[in-house]
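Report on one structure; see the data block that follows.
The values are calculated or read from the model by the stated rules, or taken from the named source; none is laboratory data. Because the structure is a prediction, the values reported are computed rather than measured. All Cβ positions, even for glycine, are placed from backbone atoms using ideal geometry, and neighbour counts span all protein chains on display. All accessible areas refer to the heavy atoms of the entire protein, side chains included, with ligands and DNA or RNA removed. Shrake-Rupley method; radii C 1.70, N 1.55, O 1.52, S 1.80 Å.
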Amino acid sequence: MTTPMVLAEGVRKSFGKLEVLKGIDLAVQPGEVCCLLGPSGSGKSTFLRCINHLEQINRGRLYVDGELVGYRQQGGRLYEQREHETAAKRAHIGMVFQRFNLFPHMTALGNVIEAPVRVLKQSKAEAVASGHTLLERVGLADKLNAYPAQLSGGQQQRVAIARALAMKPKLMLFDEPTSALDPELVGEVLDVMRGLAKDGMTMVVVTHEMGFARDVGDTVVFMDDGVVVEQGDPKQVIDNPQHPRTKAFLGKVL
Amino acid sequence: MTDGAAGTGVDPIVAIPVRHWGRWVGAVGVLALVALLVRAFVQADIHYGVTGDYLFSHVVLVGVWHTLEISVAAQLLGVGLGVVAAVMRQSKNPVMGGVGWFYVWFFRGTPLLLQLILWYNLAAIFPTLSIPGLWHADTNTTITPFLAALLGLGINEGAYMAEIVRAGIGSVDSGQTEASQALGMTQGLTLRRIVLPQAMRVIIPPTGNEFINMLKSSSLATAAQFTEVLRTVQTLAGQNLELIPMLFVAAIWYLVLTSVFSVGQYYLERRFARGAQRELPATPFQRVLRGIRPGRT
């Protein structure tokens, strides 16, 4: 049996008195594309952010590639992880945000090579060479020296994907990557993500794109009010939902 | 069809522009006041020749140099302290945060002149300075007028800079920090490579302002017996009894310095505006060039 890339056991998370995650159990296998669906406020983005420790969980256990997230277990005790340990683990997990979050003071290429040079200590020449390849892969070979403000939303999001890929991640997290885009720009980003899935990347995708979830997802997980309501094969869950809450949600969005 | 006055929209519009009579009246009135003011100064009992005689004299130029020297040094010290204090105030460590807060509270809350006098008279409180076991010295010989002025102006400036830097850091979207952390960058690296460069756009304009202020408030360093340009011309006036023309000498030099640095600030702001706008506007120099050589942009 292989180690799951992501394993959540009874994960709970509260913001003050508001409990956002109420016990999530979930496993994502290597090479799997897992799409998280659900109404806004259901906790799917929070769960995604817990995976790379941008949010700290309050209860349960969360593992990435067999390693505990945010803590170190030693002699039956949990130790809070030091900052550089957290950073080192995050370096292998790519994340793509809804609002792109490109560094506006750097060019497209500058965005892509920043972390490989500063974190992975790659030589500049090496980082630039692989940066060229990555930007070519997302169809932006002619925009290397453009600043984010000079790019469309779809182009910015593709640079953001290239930036995450430059760290050679073993897992990619997508937080509603197309929600801030004009409808005609959604396709170009989804195409890049399709390509990634085809190349065998392990992906956890929070999305409202039902078509993408059905065609590209290996599993879909439907969340509502901080719990997993239903999960399984995308076609089955999306076309033939069993739980009334899934039915109600899909009835509204499809 | 087209009779000029009421065309169909194909012909260029020919219309009589609105006449702004009020502007004409206002301009004439203000010009009259300016003329009166000029006349008053021309007829006043001021020996302008003295201003000219001393403007480039060696002793005045040395004073100007000292003003520039102390202003640059104190501003640099202020920027450094400001960044440190701003970062301290953001720290999760309550001691760090408290000390940062106290620094700003004290040095922003007491007059600069008082602080300068205090630094100059440090020997009255601490006759000797020492780092136990390593170094010790007599306060009076260590704290020269220059050092007293530097500490007074720079530490005071740091308190103001701390607030400017804090506002700058606060202006950077939190998504930027998240993105760099998600890439595995540590807090220090994030601050240095991602947050501060973006905060610069917000920090630089008020810092330029602060520096221009510093050029002028450096004249208070006279309280620490530091000889900058204002003290120089006052000393000269004590000898030649031409106070007003000598004050003009200092005023002209202050204006020269502040004008030169305003231009420098313009180019610095342009440099840090990269990425904030799609295309940088032309500099005045580029606009002049374009006017001389049309067709080349």
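For the reader, a short list of remarks on this structure follows.
- Residue B:179 meets the stated requirement of being out of contact with any Gly (no Cβ under 9 Å at 6 or more places or on another chain), over 20 Å from residue B:86 (Cβ atoms) and either within 14 Å of another protein chain (Cβ to nearest Cβ) or surrounded by 19 or more Cβ atoms within 10 Å (Cβ to Cβ) (or both).
- Checking each residue in segment B:32-75 for being within 21 Å of residue B:240 (Cα to Cα), β-branched (Val, Ile, Thr) and in a helix (DSSP H, G or I) picks out B:50, B:51, B:59, B:60, B:62, B:64.
- Matching option when the condition is open to solvent by 20 Å² or more (accessible area, probe 1.4 Å) and not in a helix (DSSP H, G or I), among B:207, B:227, B:222: B:227
- In the set (1) surrounded by fewer than 13 Cβ atoms within 10 Å (Cβ to Cβ); (2) charged (D, E, K, R); (3) over 22 Å from the mean Cα position of the chain (by Cα), the condition left unmet by residue A:199 is number (3).
- Residue in segment A:73-98 that is farthest from residue A:113 (Cα to Cα), counting only those that are facing chain B (nearest Cβ under 7 Å) and open to solvent by 80 Å² or more (accessible area, probe 1.4 Å): A:83
- Taking the numbered list (1) surrounded by 21 or more Cβ atoms within 10 Å (Cβ to Cβ); (2) at pLDDT below 95 in turn, residue A:183 passes all entries but (1).
- The set of residues from segment B:153-174 being open to solvent by 10 Å² or more (accessible area, probe 1.4 Å) and either within 14 Å of chain A (Cβ to nearest Cβ) or in contact with a strand residue (DSSP E or B) (Cβ under 7 Å, 6 or more places away or on another chain) (or both) comprises B:171, B:172, B:173, B:174.
- Matching residues, segment B:179-196, being within 26 Å of residue A:92 (Cβ to Cβ), assigned to a helix (DSSP H, G or I) and not β-branched (Val, Ile, Thr): B:179, B:180, B:181, B:182, B:187, B:188, B:189, B:191, B:192, B:193
- Leading residue by the ranking (most open to solvent (accessible area, probe 1.4 Å)) among those in segment A:121-146 that are in contact with a Leu (Cβ under 9 Å, 6 or more places away or on another chain) and either in contact (Cβ under 8 Å) with a residue 60 or more places away in the chain or not in a helix (DSSP H, G or I) (or both): A:145
- Residue satisfying condition, being modelled with pLDDT of 95 or more, within 21 Å of residue A:169 (Cβ to Cβ) and touching a strand residue (DSSP E or B) at 6+ places or on another chain (Cβ under 7 Å), within set A:69, A:28: A:28
- Any hit, segment B:66-79, residues being open to solvent by less than 50 Å² (accessible area, probe 1.4 Å) and without any contact (Cβ under 8 Å) to a residue 40 or more places away in the chain: no
- When B:150, B:134 are checked against the criterion of being touching a helix residue (DSSP H, G or I) at 6+ places or on another chain (Cβ under 7 Å) and either surrounded by fewer than 20 Cβ atoms within 10 Å (Cβ to Cβ) or within 20 Å of residue B:208 (Cα to Cα) (or both), B:150 stands alone in meeting it.
- Segment A:23-42 - residue that is under 14 Å from the mean Cα position of the chain (by Cα) and buried (at least 19 other Cβ atoms within 10 Å of the Cβ) and, of those, nearest to residue A:252 (Cα to Cα): A:37
- Output for segment A:192-210, where each listed residue is touching a helix residue (DSSP H, G or I) at 6+ places or on another chain (Cβ under 9 Å) and more than 11 Å from residue A:35 (Cα to Cα): A:192, A:193, A:194, A:195, A:196, A:197, A:198, A:201
- Test for residue B:117: is it open to solvent by 70 Å² or more (accessible area, probe 1.4 Å) and either assigned to a helix (DSSP H, G or I) or in contact (Cβ under 8 Å) with a residue 12 or more places away in the chain (or both): yes
- Which listed residue, of A:118, A:163, is at the interface with chain B (Cβ under 10 Å from one of its Cβ atoms), open to solvent by 30 Å² or more (accessible area, probe 1.4 Å) and at pLDDT 95 or above: A:118
- Count of segment A:99-113 residues which are crowded, with 19+ Cβ neighbours inside 10 Å, under 20 Å from the mean Cα position of the chain (by Cα) and not β-branched (Val, Ile, Thr): 5
- Single unsatisfied condition, residue A:170 versus (1) within 13 Å of another protein chain (Cβ to nearest Cβ); (2) of a type in the set (D, E, K, R); (3) without any contact (Cβ under 8 Å) to a residue 60 or more places away in the chain; (4) surrounded by fewer than 22 Cβ atoms within 10 Å (Cβ to Cβ): (3)
- Yes/no for residue B:200 being facing chain A (nearest Cβ under 10 Å), hydrophobic (A, V, I, L, M, F, W, C), in contact (Cβ under 8 Å) with a residue 40 or more places away in the chain and not in a loop (DSSP other than H, G, I, E, B): yes
- Failed criterion for residue B:18 (all others in (1) open to solvent by 100 Å² or more (accessible area, probe 1.4 Å); (2) in a helix (DSSP H, G or I) hold): (2)
- Residues satisfying the stated conditions in segment A:102-113, i.e. out of contact with any Lys or Arg (no Cβ under 7 Å at 6 or more places or on another chain), over 12 Å from residue B:176 (Cβ atoms) and of a type outside the set (Val, Ile, Thr): A:109, A:110
- Per-region count, segment A:1-35, residues of a type in the set (S, T, N, Q), within 10 Å of residue A:226 (Cβ to Cβ) and touching a residue at least 60 places away in the same chain (Cβ under 8 Å): 0
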